[in-house]
Amino acid sequence: MFKRYRYRRVNTETRMRYRETLISKADLIWPVFLVEGNNIKKEISGMPGVFHYSADFLIPDLKELYFQGLTSIILFPVPDKKDLEYAYHSQGILQKAIPKIKEHLPGLEIITDVCLCSFTVNGHCHIGDNDKTCEILADIALSHARAGADIVAPSDMMDGRIFYIREKLNKNKFKKTEILSYAAKYASSFYGPFRKAAKSTPGSGDRKTYQMDYANSEEAMMEISSDIEEGAGQIIIKPALSYLDIINKARTLFKIPVVAYNVSGEYCMIRNAVENKLCNEDIILEILIAMKRAGASRIISYFVPYLFYKQLLM
Ligand code: PBG
């Protein structure tokens, strides 16, 4: 006696009926790099299909994707000059852009990346002192909330930043602004293309004194549990592709939405492989579904426009 399984795979329709993991448009969050000025949509070198946008040129593309089913974006500021005060200024890049986007698309969820690295001269995510950095992060988060961000996402990996941000938001009547914590963010070489795009490559040293050692898994669970205690409403695991075990463990241990960040290096590897016809484009769904299968509730991915325009999703 033996069991038969191949009947499940005879054709596309049957395979779809047996599919255990689906990915829908509402699962996806599109990361967007925002620059100062007007009339800008410029492809980022090394990241095909990813652009530096000024707010006015972003809105038409956002509208198109929104009407195709996009529900959420995460914004990254790319300022012209390195001035820390500009990170929380009411006339900063994100602070000016968010109300404009909301005016056109009030239903679109806006998440903001909260960090110092694109504003510091040395490109680091802190100013030396952990707790003083947290105070600045809280100011940045508040300025984003005031501009109308739905969710703030601190990506710095300082200790206690969720505590500082939650307190500051609550004191200023932003109790409903959610914190999506980059709780388990590893010191990874997969961020290379992003750092070029965000002009945030550290001038000297690396980020290993604050981002996590990629060999550690238990420590990620400690970070997540502290962030939940401090007031995070959702958490990010980053990168995603080499960290599916961490996503799965977090999903099993915690009752909180787990967001996978399919980071820039992962995007470039896969996108180049598809473009050079080394791999079939189905590889994109294969890796994103793997993240969901591991337990991710949602996925941040530069593949969003590609998936929508090529109609690869249901
Ligand atoms: C800022 C930040 C980084 C990423 C997201 N937020 C860069 C870093 O930590 O060096 C990486 C995202 C990506 O690679 O796509 N701290």
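Bear in mind that the values in this text are calculations on the coordinates, not laboratory data. In this text, all values refer to a predicted model and were calculated from it rather than measured experimentally. Backbone-built Cβ (ideal geometry, glycine too); neighbour counts: all protein chains shown.
Quick notes on this structure:
- Qualifying residue in the stretch 241-254 (condition: under 22 Å from G160 (Cα atoms), among the aromatic types (F, W, Y) and surrounded by 15 or more Cβ atoms within 10 Å (Cβ to Cβ)): yes
- Candidates R293, R298, R207, filtered to the one that is over 29 Å from G128 (Cβ atoms), in contact (Cβ under 8 Å) with a residue 60 or more places away in the chain and within 16 Å of the ligand (Cβ to nearest atom): R298
- So S225, is it away from the ligand (no atom under 16 Å from the Cβ) and either under 26 Å from P193 (Cβ atoms) or of a type in the set (S, T, N, Q) (or both): yes
- Residues of the stretch 240-276 satisfying the condition of being part of a loop (DSSP other than H, G, I, E, B) and either without any contact (Cβ under 8 Å) to a residue 40 or more places away in the chain or aliphatic (A, V, I, L, M) (or both): A240, F254, K255, I256, V263, N276
- Number of the exception - L75 against (1) of a type outside the set (D, E, K, R); (2) within 28 Å of G205 (Cα to Cα); (3) surrounded by 22 or more Cβ atoms within 10 Å (Cβ to Cβ); (4) touching a Gly at 6+ places or on another chain (Cβ under 8 Å): (4)
- For the stretch 142-160, taking the residues that are buried (at least 24 other Cβ atoms within 10 Å of the Cβ) and part of a strand (DSSP E or B), the one that is farthest from the ligand (Cβ to nearest atom) is identified as V152.
- If you check A183, A240 for being within 30 Å of F51 (Cα to Cα) and away from the ligand (no atom under 11 Å from the Cβ), only one passes: A183.
- The set of residues in the stretch 186-204 that are farther than 21 Å from I256 by Cα and more than 9 Å from the ligand (Cβ to nearest atom) comprises S189, K196, K199, G203, S204.
- Within the stretch 110-128, the set of residues being more than 12 Å from the ligand (Cβ to nearest atom), of a type in the set (A, V, I, L, M, F, W, C) and part of a loop (DSSP other than H, G, I, E, B) comprises V121, I127.
- If you go through the stretch 67-108 and pick out every residue that is over 26 Å from Y306 (Cα atoms) and out of contact with any Ser or Thr (no Cβ under 9 Å at 6 or more places or on another chain), you end up with 7.
- Boolean, F67 is away from the ligand (no atom under 12 Å from the Cβ) and out of contact with any helix residue (DSSP H, G or I) (no Cβ under 7 Å at 6 or more places or on another chain): yes
- Checking I283, I289 one by one, the residue that is on the phi < 0 side of the Ramachandran plot and under 18 Å from the mean Cα position of the chain (by Cα) is I289 and no other.
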